[in-house]
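Below is one structure, written out as structure tokens; the observations come after it.
The values are calculated or read from the model by the stated rules, or taken from the named source; none is laboratory data. Being a predicted model, the structure only gives us computed values, none of them experimental. Here the Cβ is made from the backbone with ideal geometry for all residues, glycine too, and neighbour counts use every protein chain on show. Just so you know, the surface numbers come from the protein's heavy atoms only, side chains and all, with ligands and any DNA or RNA stripped out. Shrake-Rupley method; radii C 1.70, N 1.55, O 1.52, S 1.80 Å.
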Amino acid sequence: MKKLIIIIISVSCSVIVYGQTVLTLKEYKELAIKNNISIKNSLLETEASKQVKKGAFTNYFPKISVMAFAMKAKDPLLKFNTQGGNLPVYDGNPANIPIATQFAYLPGSSIQMLDKTALGLVNVTQPIFSGGRIITGNKLAKVGIAVKEQQQKLTQNDVLLKTEQQYWQILSLQEKEKTIEKYETFLEGINKQVNDAFKSGLIIKNDLLKVQIKKNELNSNKSKLHSGKKLAIMQFCQTIGIPYDSTLVLQEDLQKIELPQSYYIENETALQNRTEYQLLEQSVKAQELQTKMKTGDYLPQVAVGAMGYYNNNLIKDVDGTTNGLVYATVSIPITDWWGGSHAIKEQKIKEQIAENTLTDTKGLLKLQIEKAWVDLNENYKQIILLEETVKQAEENLKVMQTSYNSGVITLSDLLEAQALLTETNDKLIDTKTQYRTSISTYLQYTGR
């Protein structure tokens, strides 16, 4: 019988554990990377930019075009009519033609052409020089891939930061549930104590009502907390791309607090790691290439080619004709230079704007990193202060409990001491949560 009971308990525990989703923060972040829609779309945009690069590479190769044409006209496009008559017979002496005595009769005729025809044409063109636009275009496409990859990284960083913030928010709500449970246990004990005293006639009903009011307030706060936790879990599931799961269990806790110094990195080093900074560097590079591309529009264009064609007038027993040719072209946009010089200057101005933006943003990013470091340290200091405050509130509650049992203070004083401890605990939970999120923020802002 004992063995049977042990087996039943083991199976029951297995079912309870199996019904819960127990994952670490790292595993939740991996789910977010795999399932989040924003990250998926960013990956698709990167893939699209790679296809642009492959398309730009094809410009190095000859362009081949094939054309086929056939037509049937209502009336022939060309008509020739010749009148008949006598023609002198040539005897070999040109001097006798005007005084010829013999003639041959040539009947009149009508010639009609191009009432139907078919034409096939093949053209091959190889660009020799196009103002450097093909090479520059390929470089631009390569920069485009780098930009999309960095934007993809930015999107991923934002999603991961959001995942961590929501994770610690849910964890803080779970910790507050524990605080409420302790408060609930305290009130149940006080309620029993007050009930016994009321039945013994030691206190009036007013104290009993005070405890009941506190219980009602606690139940209201408990309901709000559960509703907030449900919404937080729903939002978290949306972020990591899974269906809503009310059985989520978070493995980490808020008790382990590491020193801020373990996360510190020099601002200049952090700046070089920032994806935003690298993205702006690519923006400057892209503008420089755009200037080269614009300049190439006004340089000579040189190309060579070959063309072949086959023509058939669709006349019975008459073969079609085939021919071919090679050619070279040189195009020099002479008059375009007037307007083109202004377009190039405009592009150089855009290039300067990109460089100015990089310089300005560099300072703003450093400021952002420094602020994240200050917030991290300030939250840590608040934790130390609140932990000491919680100890004092706990000691105060013990003193108040002893004093109440001795009849030195009123029930209101005891309830106020407990409320103070609960409020202080909640503040400590919130500050620890902020510290966790400030760590995540600082790591992101320093490119880690």
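Do you know which residues across segment 174-183 are open to solvent by less than 50 Å² (accessible area, probe 1.4 Å) and within 15 Å of residue 219 (Cβ to Cβ)?
Hits for segment 174-183 are 176, 177, 179, 180, 183.
So which residues in segment 243-254 are in contact with a helix residue (DSSP H, G or I) (Cβ under 8 Å, 6 or more places away or on another chain), open to solvent by 40 Å² or more (accessible area, probe 1.4 Å) and in contact (Cβ under 8 Å) with a residue 24 or more places away in the chain, if there are any at all?
Passing the criteria: 251, 252, 253.
For a quick check of your reading of the model, give me the residue pairs whose first member lies in segment 337-349 and is closer than 15 Å to residue 293 by Cβ, whose second is open to solvent by 50 Å² or more (accessible area, probe 1.4 Å) and assigned to a helix (DSSP H, G or I), with beta-carbon atoms closer than 6 Å and at least 6 apart or on different chains.
Pairs found: 343/294; 344/294; 347/290; 347/294.
Could you say whether any residue in segment 149-156 is of a type in the set (S, T, N, Q) and under 30 Å from residue 76 (Cβ atoms)?
No; the residues of segment 149-156 include none that is of a type in the set (S, T, N, Q) and under 30 Å from residue 76 (Cβ atoms).
Which condition breaks for residue 134 when tested against (1) at pLDDT below 75; (2) closer than 30 Å to residue 294 by Cα?
Residue 134 satisfies all of (1) at pLDDT below 75; (2) closer than 30 Å to residue 294 by Cα except (1).
Pairs please, first residue from segment 270-289 and under 15 Å from residue 367 (Cβ atoms), second anywhere and surrounded by 18 or more Cβ atoms within 10 Å (Cβ to Cβ) and among the aromatic types (Phe, Trp, Tyr), Cβ atoms under 6 Å, 6+ apart in sequence or on different chains.
271/277
Could you tell me whether segment 142-150 includes any residue that is more than 23 Å from residue 294 (Cβ to Cβ) and open to solvent by 70 Å² or more (accessible area, probe 1.4 Å)?
Yes: segment 142-150 contains one or more residues that are more than 23 Å from residue 294 (Cβ to Cβ) and open to solvent by 70 Å² or more (accessible area, probe 1.4 Å).
Which condition from (1) open to solvent by 60 Å² or more (accessible area, probe 1.4 Å); (2) hydroxyl-bearing (Ser, Thr, Tyr); (3) in contact with a Pro (Cβ under 9 Å, 6 or more places away or on another chain) is the one that residue 125 breaks?
Failing condition for residue 125: (1).
In the list 402, 359, 441, which residue meets the criterion of being of a type in the set (Val, Ile, Thr), touching a residue at least 60 places away in the same chain (Cβ under 8 Å) and assigned to a helix (DSSP H, G or I)?
Of 402, 359, 441, the one residue that is of a type in the set (Val, Ile, Thr), touching a residue at least 60 places away in the same chain (Cβ under 8 Å) and assigned to a helix (DSSP H, G or I) is 441.
Whether any residue in segment 292-300 is buried (at least 18 other Cβ atoms within 10 Å of the Cβ), among the polar types (S, T, N, Q) and either under 29 Å from the mean Cα position of the chain (by Cα) or assigned to a helix (DSSP H, G or I) (or both) is what I want to check.
yes
Can you find a residue in segment 132-146 that is assigned to a helix (DSSP H, G or I) and closer than 30 Å to residue 232 by Cα?
Checking segment 132-146: not a single residue is assigned to a helix (DSSP H, G or I) and closer than 30 Å to residue 232 by Cα.
Any residue in segment 28-46 that is farther than 11 Å from residue 158 by Cα sitting within a Cβ distance under 6 Å of a residue that is of a type in the set (Asp, Glu) and open to solvent by 20 Å² or more (accessible area, probe 1.4 Å)? List the pairs, counting only those 6 or more apart or interchain.
46/149
Counting only residues that are within 30 Å of residue 123 (Cβ to Cβ), open to solvent by less than 100 Å² (accessible area, probe 1.4 Å) and not β-branched (Val, Ile, Thr), which one in segment 329-346 is modelled with the lowest pLDDT?
That would be 336.
Tell me which of these residue 433 doesn't satisfy, since it passes every other one: (1) out of contact with any Ser or Thr (no Cβ under 6 Å at 6 or more places or on another chain); (2) within 30 Å of residue 277 (Cα to Cα); (3) buried (at least 20 other Cβ atoms within 10 Å of the Cβ).
(1)
Identify all residues within segment 45-78 that are under 14 Å from residue 148 (Cβ atoms) and either acidic (Asp, Glu) or at pLDDT below 90 (or both); write none if there are none.
If the condition is that a residue be under 14 Å from residue 148 (Cβ atoms) and either acidic (Asp, Glu) or at pLDDT below 90 (or both), then 45, 47 are the ones that fit.
Looking at 161, 173, which one is more than 27 Å from residue 46 (Cα to Cα) and at pLDDT 90 or above?
Result: 173 is the single residue among 161, 173 that is more than 27 Å from residue 46 (Cα to Cα) and at pLDDT 90 or above.
Among the residues of segment 45-67 satisfying the criterion of being open to solvent by 80 Å² or more (accessible area, probe 1.4 Å) and over 16 Å from residue 142 (Cα atoms), which is nearest to the chain's Cα centre (by Cα)?
The extreme case among them is 61.
Checking the structure you have, find out if any residue of segment 424-446 is aliphatic (A, V, I, L, M), over 35 Å from the mean Cα position of the chain (by Cα) and within 28 Å of residue 160 (Cβ to Cβ).
Taking every residue of segment 424-446 in turn, at least one turns out to be aliphatic (A, V, I, L, M), over 35 Å from the mean Cα position of the chain (by Cα) and within 28 Å of residue 160 (Cβ to Cβ).
What do you reckon, is residue 349 of a type in the set (A, V, I, L, M), modelled with pLDDT under 90 and either open to solvent by 60 Å² or more (accessible area, probe 1.4 Å) or over 30 Å from residue 265 (Cα atoms) (or both)?
Taking the combined requirement at face value, the residue does not satisfy it.
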